[in-house]
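What follows is a set of notes on a single structure, which appears directly below.
The values are calculated or read from the model by the stated rules, or taken from the named source; none is laboratory data. Treat the numbers as computed from the prediction; the structure is a model and nothing was measured. Positions of Cβ are generated from backbone atoms using ideal geometry, with glycine treated the same way; all protein chains shown enter the neighbour counts. What goes into the accessible areas is simple: the full protein's heavy atoms, side chains included, and nothing from ligands, DNA or RNA. Shrake-Rupley method; radii C 1.70, N 1.55, O 1.52, S 1.80 Å.
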Amino acid sequence: MGTDTKSSISITRSDITSVLRHDLPASLVVFLVAVPLSLGIAAASGAPLVAGLVAAVVGGVVAGFLGGSVVQVSGPAAGLALVVADLVVRYGWRATCMITLLAGALQLVLGVFRIARAALAVSPAVVHGMLAGVGVVIALSQLHVVLGGSPQSSAIANLTELPRQITENHNDAVLAGLLTILVLVVWARLPRRPRAVPAPLAALAVTAVTSLALGWDVTRVDLSASLDGWSSPVWPRGDWHGIVAAVVLVALLAGVESLLCAVAVDRLHGGRRADLDRELTAQGAANMVTGALGGLPVAGVIMRSTTNARAGARSRWSTILHGLWILLFCLGLGWTITFIPMEALAALLVFIGVQMVDIGHIRNLRGHGEVPVYAVTMAGVVLLGLAEGVLFGLGLAALLALRRLTSVTVDSREDSQGHWHVMIGGSLTFLGVPKITAELRTIPAGAEVELDLNIDFMDNAAFEAVHAWRQDHERGGGTVTVDEIHDEWYAMAASGGRVFPAKTPPRAPDRWWLPWSHRRRRLRAAAGVPAPARNTPEGIATPEALAVPELLAGAGEFHLRTAPLIRPVLHGMARAQKPSHLFITCADSRIVPNLITSSGPGDLFTVRNIGNLVPRRGASAPDDSVAAAIEYATAELGVRTITVCGHSGCGAMVALLSGGETTGELPALDRWLRHGHHSLARFIATESDGADGGPLDRLCRINVIQQLENLRTHPGVDHLVRTGRLDLVGLYFDIGAARVHVLDQPPAQVAPL
């Protein structure tokens, strides 16, 4: 009992220490960022400025306390500003608070039913496009405020009115806005110590002090009307369909933004991953509270969350404390906000709006072909509205996904003997029938055709098209051999059997890394051997199959399938080799160096012998073959690594353990295995630590370490190792587990890859 008590006290003290050391400083940084951003988002939303501070407090305390993310910070989000602004115009501020409360209740219900992960099905291109569109709209509207005017009713109106607004003389208002933007731009380029103060806070502070000192005629922030005029939320009046749509829109937008933010922030810290259902429930509770208190809708905010993670936050206490600091600031130092010019807040929003069009997101989406979704969503938000833009983006994303899922590739080639090889890949549906039939009709009548179907689905229209072509081609004197890599969709349909009702995972593909015994049908086809009789088991070698050596059949398959793909690579290295590794391994047929290292032509300079042995320099039975390979690899090829790779169940090690009894009638092998006596001596001198798989397994591992030491007996190798120009690595391949391990000194220490 005493031990448990001490342990719990120790954990509690550790938690307190972590909060004081990491979370407390991080909360202060986030607090300094959150205050100006909350005021700016409230201004962009057309809501009372104090509503932004209320949402920041509730988001920090309520969502932080109940949330499922360790470092996510919730508060007023710029992505919701357009929705809130529209609701304020349509229903009024107090009714908007009720809509926020109801949206929170809906989020709470969705979180309780644990469907949060469904939100991750929304394409990130739609989300980023939505935020970019919101950023453009905010920047255009607030730019008019910076210029001393008023925002127009739409983004297009703001854009068309902008030239006239620029030409007018606004004097002090323009100076305040430009000074704010200048500080924001310059602040990121200052040394690290000044940048400890967040740029938004510094920009507003500099502009406020400058405007006071120079007596600029600007509009100051006024919180008194917001505080004096507070009242409880009221039920919105109007069409109930519109009210329900507003509640659903706020709930879904805030929820999706929060969940995607939680997933993104998880990449910035090494703590516990986010519980998305709990996070959605917490967001719902926070929105109910902020709606009841007259605050803006709450969502997880990427800027504040990223700041929190990079400031070193370790737990939710940072988020909670930042909310408490905002509350204390409002109660004790809220009067300082009244010195901030509204034009400075507008300039801050312009800067934030421009940053929301993130070029980095566009680059990432370009690699996945989703830039059109991003562009359509952004254009829809700017030109039509937020809900319309999101719907257009979702629709386009669905169409592109459908197009990718139903896309089909058809590739036909004729070899030197006049045989045709056709590869059809993808999902075969009626949409791909025109492309398939057009390609198949290019094959001349009477040709021998091997048709590979690398597909995961085939509907009836696609089957009818392929089957009809096959029958017509065979009537014209040609032959068609159909080979299916995935489930046999074509064979099942052609035989009248049950067709698979849905896509299924692919079976192991017939590829080069499988043994010949697993690929007899493909090897027969590559070598031109007729298929066995229908009642002949596929896995049994028939006399017809044995008529052509498997090695030559394998070469035929290489020429047919692999050579066209690898020819450009080999052509570039035809004159010289530049391997980076000398790879010494056993001649055992189960060890394939390129397979277990995922290397290709030109990577490994390989030496194979029985037992992966490296004869020591000056050995009584010298062997120059291995030494010659070592000299050539290090002196001529300039390899940077020599790897010795042993394996489980090594026959050479079995012979060493038997004391030569198994090699009595094999004198050459017996002489060769003398180079393994140092490994055997080391094995005898080393006790097992219980972690190995028995004496043979231990000797196989020890032998690798001994061969690495044998390498150091060669002066050239030793010199390169001592000067840091060559690394020695020991690997051990567990054949049964298909697992590669790295061996370190002492040999009992094994690090799995």
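Of a type in the set (G, A, S) and touching a Gly at 6+ places or on another chain (Cβ under 7 Å), is that true of G312? Steps first, please.
Values: of a type in the set (G, A, S): yes; touching a Gly at 6+ places or on another chain (Cβ under 7 Å): no.
No, not satisfied.
Taking the condition of being outside any loop (DSSP other than H, G, I, E, B) and modelled with pLDDT under 90, how many residues in region 572-589 meet it?
Number of matching residues: 1.
Looking at the structure I just gave you, is Q142 part of a helix (DSSP H, G or I) and modelled with pLDDT under 80?
Values: part of a helix (DSSP H, G or I): yes; modelled with pLDDT under 80: no.
Here the answer is no, as Q142 does not meet what is asked.
Which residues, taken from region 693-725, are over 20 Å from R617 (Cα atoms) and touching a residue at least 12 places away in the same chain (Cβ under 8 Å)?
Once the filter is applied, which keeps residues that are over 20 Å from R617 (Cα atoms) and touching a residue at least 12 places away in the same chain (Cβ under 8 Å), region 693-725 yields G693, P695, L696, D697, R698, L699, C700, R701, R725.
Of the residues V250, V244, which single one is over 21 Å from G46 (Cα atoms), assigned to a helix (DSSP H, G or I), of a type in the set (V, I, T) and out of contact with any Gly (no Cβ under 6 Å at 6 or more places or on another chain)?
V244
Any idea which residue in region 283-312 is farthest from R267 (Cα to Cα), counting only those that are open to solvent by less than 10 Å² (accessible area, probe 1.4 Å), under 32 Å from the mean Cα position of the chain (by Cα) and aliphatic (A, V, I, L, M)?
A286
Under the condition of being within 25 Å of V721 (Cα to Cα) and touching a residue at least 60 places away in the same chain (Cβ under 8 Å), which residue from region 579-595 is farthest from the chain's Cα centre (by Cα)?
It comes out as C586.
Failed condition for G353, given (1) free of Cβ contacts under 8 Å to residues at least 60 places away in the same chain; (2) closer than 19 Å to P124 by Cα, with all others met?
(1)
For every residue, the table says whether it meets (1) closer than 24 Å to H361 by Cα; (2) within 38 Å of the chain's Cα centre (by Cα); (3) open to solvent by less than 20 Å² (accessible area, probe 1.4 Å).
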residue: A125; (1), (2), (3): yes, yes, yes
residue: M130; (1), (2), (3): yes, yes, yes
residue: V145; (1), (2), (3): no, no, no
residue: L159; (1), (2), (3): no, yes, no
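Filter region 489-510 down to residues that are at pLDDT 60 or above and open to solvent by 70 Å² or more (accessible area, probe 1.4 Å), then give me how many there are.
Of region 489-510, the ones at pLDDT 60 or above are 489-496.
Narrowing further to those that are open to solvent by 70 Å² or more (accessible area, probe 1.4 Å): 495.
Of the residues in that region, 1 qualify.
Give me the residue from region 321-338 that is modelled with pLDDT of 85 or more and of a type in the set (F, W, Y) and, out of that set, most open to solvent (accessible area, probe 1.4 Å).
Restricting attention to region 321-338, the residues satisfying the condition of being modelled with pLDDT of 85 or more are 321-331.
Imposing the further condition that a residue be of a type in the set (F, W, Y) reduces the set to 325, 329.
Values: W325: 67, F329: 36 Å².
Filtering region 321-338 for residues that are modelled with pLDDT of 85 or more and of a type in the set (F, W, Y), the one most open to solvent (accessible area, probe 1.4 Å) comes out as W325.
How many residues, within region 635-652, are more than 23 Å from I596 (Cα to Cα) and among the hydroxyl-bearing types (S, T, Y)?
0
So S648 fits all but one of (1) touching a Cys at 6+ places or on another chain (Cβ under 7 Å); (2) within 16 Å of L708 (Cβ to Cβ); what number is the exception?
So S648 meets the others, but not (2).
Only residues that are under 17 Å from G389 (Cα atoms) and in contact with a Pro (Cβ under 9 Å, 6 or more places away or on another chain): list them for region 67-86, please. Reasoning before the result, please.
Pass one, region 67-86, residues under 17 Å from G389 (Cα atoms): 78-86.
Answer for region 67-86, where residues must be under 17 Å from G389 (Cα atoms) and in contact with a Pro (Cβ under 9 Å, 6 or more places away or on another chain): L80, V83, V84.
Taking the condition under 22 Å from the mean Cα position of the chain (by Cα) and not hydroxyl-bearing (S, T, Y), does L120 pass?
On the way: under 22 Å from the mean Cα position of the chain (by Cα): yes; not hydroxyl-bearing (S, T, Y): yes.
So L120 fits the description; yes.
What are the pairs with Cβ atoms under 6 angstrom where one residue, in region 376-397, is farther than 13 Å from L82 by Cβ and the other, located anywhere, is hydroxyl-bearing (S, T, Y)? Sequence gap at least six, or different chains.
Final answer for the pair search is G393/T377; A397/S123.
Please verify whether region 575-583 includes one or more residues that are out of contact with any Leu (no Cβ under 8 Å at 6 or more places or on another chain) and exposed (fewer than 14 other Cβ atoms within 10 Å of the Cβ).
Yes, the conditions are met somewhere in region 575-583.
Mind listing whichever residues of region 253-289 are in contact (Cβ under 8 Å) with a residue 40 or more places away in the chain, of a type outside the set (K, R) and not in a helix (DSSP H, G or I)?
Hits for region 253-289 are L268, H269, G271, A274, D275.
For region 6-103, give me every one of the helices (runs of 4 or more DSSP H) that falls completely inside it and has 1 or more residues that are in contact with a Cys (Cβ under 8 Å, 6 or more places away or on another chain), at pLDDT 90 or above and open to solvent by 10 Å² or more (accessible area, probe 1.4 Å). Full working, then the answer.
Values: elements: 24-45, 49-58, 81-91.
In region 6-103, the matching helices (runs of 4 or more DSSP H) lie at 49-58.
Go through region 351-381 and give me each residue that's crowded, with 20+ Cβ neighbours inside 10 Å and either among the small types (G, A, S) or not in a helix (DSSP H, G or I) (or both).
Of everything in region 351-381, those that are crowded, with 20+ Cβ neighbours inside 10 Å and either among the small types (G, A, S) or not in a helix (DSSP H, G or I) (or both) turn out to be G353, M356, E370, G380.
Evaluate the following for R164: is it closer than 28 Å to C330 by Cβ, out of contact with any Lys or Arg (no Cβ under 6 Å at 6 or more places or on another chain), basic (K, R) and part of a helix (DSSP H, G or I)?
Numbers: closer than 28 Å to C330 by Cβ: no; out of contact with any Lys or Arg (no Cβ under 6 Å at 6 or more places or on another chain): yes; basic (K, R): yes; part of a helix (DSSP H, G or I): yes.
It is false that R164 is closer than 28 Å to C330 by Cβ, out of contact with any Lys or Arg (no Cβ under 6 Å at 6 or more places or on another chain), basic (K, R) and part of a helix (DSSP H, G or I).
Tell me, yes or no, whether region 176-194 has at least one residue that is of a type in the set (S, T, Y) and surrounded by fewer than 16 Cβ atoms within 10 Å (Cβ to Cβ).
Taking region 176-194 first, the residues of a type in the set (S, T, Y) are 180.
Filter once more, so that each one left must be surrounded by fewer than 16 Cβ atoms within 10 Å (Cβ to Cβ): none.
For region 176-194, residues of a type in the set (S, T, Y) and surrounded by fewer than 16 Cβ atoms within 10 Å (Cβ to Cβ): absent.
Can you give me the number of residues within region 435-457 that are within 36 Å of the chain's Cα centre (by Cα) and open to solvent by less than 10 Å² (accessible area, probe 1.4 Å)?
5
Taking the condition open to solvent by 60 Å² or more (accessible area, probe 1.4 Å) and within 30 Å of the chain's Cα centre (by Cα), does L391 pass? Give the derivation first.
On the way: open to solvent by 60 Å² or more (accessible area, probe 1.4 Å): yes; within 30 Å of the chain's Cα centre (by Cα): yes.
Answer is yes for this residue.
Please go through region 104-113 and give me each residue that is of a type outside the set (S, T, N, Q) and either within 21 Å of G59 (Cα to Cα) or buried (at least 21 other Cβ atoms within 10 Å of the Cβ) (or both), ordered by number.
First, the residues of region 104-113 that are of a type outside the set (S, T, N, Q): 104-106, 108-113.
Within region 104-113, G104, A105, L106, L108, V109, L110, G111, V112 qualify.
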